[in-house]
Amino acid sequence: MTLRLPLGDQSFAQIRDEGLLYADKTEYIYKLLKSAKQNYFLSRPRRFGKTLLLHTINELCSGNRERFQGLWIDSSDYAFPELPVIFLSLSIDATTPEMLRQGLMDNLRDIAATENLEVQDASYDIYFGFLIEALCLKKNQPVLILIDEFDSPVIRNMDNNNIAQANANILQHFLAILKAPLVSPCISFTLVTGLTRYALSSMESDPNHLNDISLEPEYAGICGFTLNEFESLFADRLDLTLTRLKKSGEIDSSANLVDLKDKIYEWYDGYSWDGYSRILNPYSILNFFDKNSFDNYWIQSSRPGYLTSLIKARPWNFLDPQLESYLSEDVKNSELSQLRATPLLFHSGYLTVDRISKIEKIIPLTSISIKVTSYSFKLPNYEITSSYYEDCFKVILDFETTDTLKNYGQNLLNAFLTRNGQTVSSILSDLFARINFFQRPKDPKTFLVFLQLLLSAMRFKAQSERLDLCLALTSQISLIIELKYCSDQASPTEDENNEALVKATEVILPEQTLNKVLAKAVQNKLSSVELLWLLLKGQTTSQYEDKIKILANSATEYLTEAEINHDLAILAKKEFSKEDIATILKNVKSKSALTNEQVDEILSKAAANALKDITERDYHSIIGGEAKEIIDLGLAVYGDGSRVMAIFGSK
């Protein structure tokens, strides 16, 4: 019998009572409950089954063995005792610390009322300790503590570091009470879940009694679907799904079950927390079989809101994150004030563990060498790759929604398939022209990465080969792109550099914004070089709005025009390469000294050379036999990336 899918937010009791599909995780729970270590922290992305895991433990403590019939734990030596539990969900909309304190108190008082406990009134953390002691005394046995979405009040406010840090402090004190001498003997087991450990790090009250099992190999499959679970739970759905996908045209009419599973793995598999075990995204898999269609399901409900502001501040850090050589402590214990793009993306569900290795590390101030664990990461699958770069380019290109980028992608696909070079040139030129010139790639290698990621964001399956790029346009047609990047090698003088940077600053920031940034610099007593770095990056803040209004008029008097020019010159020497300065110079001085006709001539020659490079190579051996038709494209990009020419080869 095909079991119904557990769509929505069902508890374990609902799933079992209604006979819904369930991946048995009770062996993992048994290991946790029987382990000598009794206090745990588990990190997993949103929609990966953390809440269901806690519901299962909570139900296990009710003593209701009937709901576990047929599961692994039912045939074990577990006795199913009835145990006291405090189950808290901290998915609290707390945009101020006061709202968080009140939300915690409301939840705790609700539990006290449910258990008919009289608890002495106190602050949120002390009240928590009193509640645990009271329940332990009433039941005459220690209590299990289950806390879900522990870091939600922090994650929801990541775009406001002050609120995020204040909420983190409250949560740290809240958990620290579990270590209090009078409270800890009243606790038999603790499991806290969340996206990250950021809310647990870098404070004196750090709850260091929690054992982090997030990257422990024995718990790698505790959430999500393992390959074995997928094969057994969904085997009876594959035939019908294959038929429906063929009918809709989403899979080739000649495809078989192996082809279908391979495509499912390509879209939704690839997660790992130990570098070995493979986990399929549970939310996406359930929605895929419900809708019988390939789509980016997880991102629609799990896109973190804080990502937009972080990408705006550091676009290249997030567009091209460093995926290798992160030490264990860097992955687990990053601080809110020093967030790194790669660990943040890993905890958010955009990256997954690729490899784990041991490397040598010298202990500071000693010559002692120790072995430490190092992690490298990767994007897990096609769903995440396309979704992630959609988000990045939505911010970089300043689109209101990702639908705009999808429309560009569909138009570009049509232009590729019809060999319409003029339309390809127009679309790509329009996209590149939208990019702030400080964010534009400045060399051919970076531009190739940029182009590949942009195409991925538009839902193309783009791969770098010996040739520059290979795109699978359809199951039958592949596109080969040879790229030429043409830049005007300007060599401005030092005076031209200084003039260009000053003018660039004036272009980027209007006078009102300039005054605000200067005002912030005055208030924080930044050095003049740091001040100009802020100017050039265009960073502003609303943190000190009232004081900025007072300081705005006097701010411009803080540095004279001569001092600003001098510091711009210093910054030019210290922070910008000659190529960067040349780019700025060209943008300030009407893009380029060359005429449009000269640029077109350069582009035409470069595009023709790119196409010639393709035709002189044996690229058929690279593509393999799956493509029945191969399209050649010579692509040339001029200077700052806003002018493109495309030339197609013969059919």
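When the range 388-409 is examined, which residues are found to be acidic (Asp, Glu) and in a loop (DSSP other than H, G, I, E, B)? Can you show your working first?
Our first condition is that a residue be acidic (Asp, Glu); within the range 388-409, this holds for 390-391, 398, 400, 403.
Of everything in the range 388-409, those that are acidic (Asp, Glu) and in a loop (DSSP other than H, G, I, E, B) turn out to be 398, 400.
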Filtering helices (runs of 4 or more DSSP H) wholly in the range 120-216 for at least 3 residues that are at pLDDT 90 or above and more than 29 Å from the chain's Cα centre (by Cα) gives 124-139
Checked pairs for the range 268-283, first closer than 15 Å to residue 295 by Cβ and buried (at least 22 other Cβ atoms within 10 Å of the Cβ), second β-branched (Val, Ile, Thr) and modelled with pLDDT of 95 or more, C-beta under 6 Å and 6 or more apart or across chains, list as 268/285
Within the range 259-275, restricting to residues that are modelled with pLDDT of 95 or more and over 25 Å from the mean Cα position of the chain (by Cα), the one that is nearest to residue 473 (Cα to Cα) is 260
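Given the criteria assigned by TED's automatic domain parsing to the domain that holds residue 427, small (Gly, Ala, Ser) and modelled with pLDDT under 80, does residue 577 qualify?
Values: assigned by TED's automatic domain parsing to the domain that holds residue 427: no; small (Gly, Ala, Ser): yes; modelled with pLDDT under 80: yes.
In short, no.
With in a helix (DSSP H, G or I), closer than 18 Å to residue 89 by Cα and out of contact with any helix residue (DSSP H, G or I) (no Cβ under 9 Å at 6 or more places or on another chain) as the only criterion, which of 56, 51 stands out? Don't jump to the end; show me each part of the working.
Values: 56 fails: out of contact with any helix residue (DSSP H, G or I) (no Cβ under 9 Å at 6 or more places or on another chain).
Of 56, 51, the one residue that is in a helix (DSSP H, G or I), closer than 18 Å to residue 89 by Cα and out of contact with any helix residue (DSSP H, G or I) (no Cβ under 9 Å at 6 or more places or on another chain) is 51.
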For residue 75, the lone unmet condition from (1) among the small types (Gly, Ala, Ser); (2) under 27 Å from the mean Cα position of the chain (by Cα); (3) at pLDDT 95 or above is (2)
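Take the residues in the range 596-646 that are among the basic types (Lys, Arg) and touching a Leu at 6+ places or on another chain (Cβ under 7 Å); name whichever of them is modelled with the highest pLDDT.
Taking the range 596-646 first, the residues among the basic types (Lys, Arg) are 605, 612, 617, 628, 643.
This time we only want the ones that are touching a Leu at 6+ places or on another chain (Cβ under 7 Å), so: 617, 643.
On the way: 617: 80, 643: 86.
Ranking the qualifying residues of the range 596-646, first place goes to 643.
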Over the range 7-25, the set of residues in a helix (DSSP H, G or I) and crowded, with 19+ Cβ neighbours inside 10 Å is 12, 15, 16
Across (1) polar (S, T, N, Q); (2) crowded, with 22+ Cβ neighbours inside 10 Å; (3) closer than 18 Å to residue 298 by Cβ, residue 342 clears everything bar (3)
Note to self: Condition first: in contact with a strand residue (DSSP E or B) (Cβ under 8 Å, 6 or more places away or on another chain), under 16 Å from residue 149 (Cβ atoms), in a helix (DSSP H, G or I) and among the aliphatic types (A, V, I, L, M). Can you find one or more residues in the range 86-103 that meet it?
What the structure shows: no
When the range 233-257 is checked residue by residue, the ones that are more than 30 Å from residue 71 (Cα to Cα) and either out of contact with any Leu (no Cβ under 9 Å at 6 or more places or on another chain) or hydroxyl-bearing (Ser, Thr, Tyr) (or both) are 243, 244, 246, 247, 248, 249, 250, 252, 253, 254
Only unsatisfied item for residue 390, checking (1) loosely packed, with under 15 Cβ neighbours inside 10 Å; (2) touching a residue at least 60 places away in the same chain (Cβ under 8 Å); (3) acidic (Asp, Glu), is (1)
Could you tell me whether residue 309 is polar (S, T, N, Q), at pLDDT below 90 and either assigned to a helix (DSSP H, G or I) or crowded, with 21+ Cβ neighbours inside 10 Å (or both)?
yes
From the option list 311, 285, 279, 251, single residue qualifying as in contact with a helix residue (DSSP H, G or I) (Cβ under 7 Å, 6 or more places away or on another chain), under 21 Å from residue 345 (Cβ atoms) and not assigned by TED's automatic domain parsing to the domain that holds residue 38 is 311
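Every residue, every condition in (1) at positive phi; (2) within 23 Å of the chain's Cα centre (by Cα); (3) surrounded by fewer than 20 Cβ atoms within 10 Å (Cβ to Cβ), yes or no:
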residue	(1), (2), (3)
367	no, no, yes
378	no, yes, yes
383	no, yes, no
399	no, yes, yes
404	no, yes, yes
411	no, no, yes
416	no, no, no
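If we scan the range 392-402, do we find a residue that is closer than 30 Å to residue 161 by Cα and of a type in the set (Ser, Thr, Tyr)?
So the first thing to find is which residues in the range 392-402 are closer than 30 Å to residue 161 by Cα, and the list is 392-402.
Add one more test, that the residue is of a type in the set (Ser, Thr, Tyr), and what stays is 401-402.
Within the range 392-402, one or more residues are closer than 30 Å to residue 161 by Cα and of a type in the set (Ser, Thr, Tyr).
Report yes if residue 294 is on the phi < 0 side of the Ramachandran plot and at pLDDT 80 or above, otherwise no.
Working: on the phi < 0 side of the Ramachandran plot: yes; at pLDDT 80 or above: yes.
So residue 294 fits the description; yes.
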Among 77, 93, the single one that is among the acidic types (Asp, Glu) and farther than 22 Å from residue 171 by Cα is 77
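Being assigned to a helix (DSSP H, G or I), more than 27 Å from residue 314 (Cβ to Cβ), in the same structural domain as residue 610 (by TED's automatic domain parsing) and of a type in the set (S, T, N, Q): is that true of residue 422 here?
Working: assigned to a helix (DSSP H, G or I): yes; more than 27 Å from residue 314 (Cβ to Cβ): yes; in the same structural domain as residue 610 (by TED's automatic domain parsing): yes; of a type in the set (S, T, N, Q): yes.
Yes, satisfied.
Select from the range 59-73 the residues that are assigned to a helix (DSSP H, G or I) and exposed (fewer than 13 other Cβ atoms within 10 Å of the Cβ) and list them in ascending order. Full working, then the answer.
Taking the range 59-73 first, the residues assigned to a helix (DSSP H, G or I) are 59-60, 65-68, 72-73.
Of everything in the range 59-73, just one residue is assigned to a helix (DSSP H, G or I) and exposed (fewer than 13 other Cβ atoms within 10 Å of the Cβ), namely 66.
The values are calculated or read from the model by the stated rules, or taken from the named source; none is laboratory data. Keep in mind the model is a prediction, meaning the values are calculated, not measured. Please note: Cβ atoms are built from the backbone with ideal geometry, for glycine as well, and neighbour counts cover all protein chains shown.
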